[in-house]
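A quick write-up on the structure given underneath.
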Amino acid sequence: MGRFISKNKKWFGYIAFCIVVAGSLLYYRFPSDALRDYLTITANNLNNSATLSIGQIKPSLPFGLKFGRTELILKDKPSIKLFRADSIFIKPDPWAFFKGKSKYCFECLTYGGDAGGCVNFKKNSMEMPFDAEIELKNMQIAKYEHLKDLIGLQIDGLLYATIFFKGQHKNLMDGTGEAHLKLLDGNIELLAPILSLESIEFHEIKSDMALEKHTIHIKRLELTGPLLRGALSGTIGLEKAFVKSALNLKGTIDPFTSFFKSLGSVSNTVSFFKQRLKKGAIHFVIHGTLAEPKIRFT
């Protein structure tokens, strides 16, 4: 093998030179503007409610494309950004293409954290034409400006998540999937005040969820914070207007001593909690909608 390379090193040099020249020409003469225009026009034709904006596009080794600042903006409300990223790197999965499949993987810098994963497109499936695996790390969720408009409450903290989804791009609610979430060191605004509480500070929130038949199933949600410990489970029946989604949730609150100290002179609230705690943790149910939740202690 070494003798063969030695005898043909001139040709290997030519091949290496051609690869470098071709790569340089591709990089410096890459049709960034034309590709950007094509992608934005195609995306905008697929979705009449949102506009895609892409910064400069450059080739990136191996076999990928790097997108500059990218934003998805509501057409009727330009101030609302459904998504934004500082940069996105996309590459095809060569092994999948050898098998006749269309699979693309991506890495993304967005909202102060990292997102990555793969999307697999299925050409012969009308019901579930794509499936995706996504991982989020160190996402500063408060930087997602559209969150409060979407779910009706404000959340702050660092988000870590793994998400699996199968569905259609036209109607994501028709899909199926599951998510495992962890949120650290933040604050969550309550759907409606629970006695004296309008928000809850937390050290950690863990949750396992599933999406099936237009319903989010919250299998487990556990919260630990400086003032209390809580748990929640149940379903959210999804509607096209997300804030109108129906709530069927139940949970418990286990306040710590520090919670009662924080109430100070709110004697009625302290008395209520102490009476309830004689029976163990405080139980409650939530019905109504995201926009108008109704909370009842049981």
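Rule-based calculations on the coordinates, nothing more; no lab input. Computed from a prediction, not measured in an experiment: that's the story for all the values here. Quick reminder, even Gly has a Cβ in these numbers, built from the backbone with ideal geometry, and neighbours come from all protein chains shown.
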- Query: Roughly how many nanometres apart are two label points built 7 Å out from the Cα toward the Cβ at residue 89 and residue 49?
  - Reply: 3.3
- Task: Write out the GluC sites (Glu not before Pro) in segment 127-189 meeting two conditions: DSSP loop, and at most 12 other Cβ atoms within 10 Å of their Cβ.
- Result: 127
- Message: Are there any trypsin sites (Lys or Arg not before Pro) in segment 137-229 that are in a DSSP loop and have at most 14 other Cβ atoms within 10 Å? List them by number.
- Response: 170, 213
- Item | Label zone at residue 258, where the point sits 7 Å out along the Cα-to-Cβ direction: segment 219-250 residues whose backbone N lies under 19 Å | 222-231
- Using a cut-off of 10 Å between beta-carbons, work out the net charge of the residues near residue 163 (Lys and Arg +1, Asp and Glu -1, residue 163 not included). -3
- Computed lengthening from residue 137 to residue 122, 0.36 nm per intervening residue step minus Cα-Cα distance: 2.7 nm
- Separation between the residue 239 and residue 215 pseudo-spin-labels, each 7 Å from Cα along Cα→Cβ, expressed in nm? 1.7
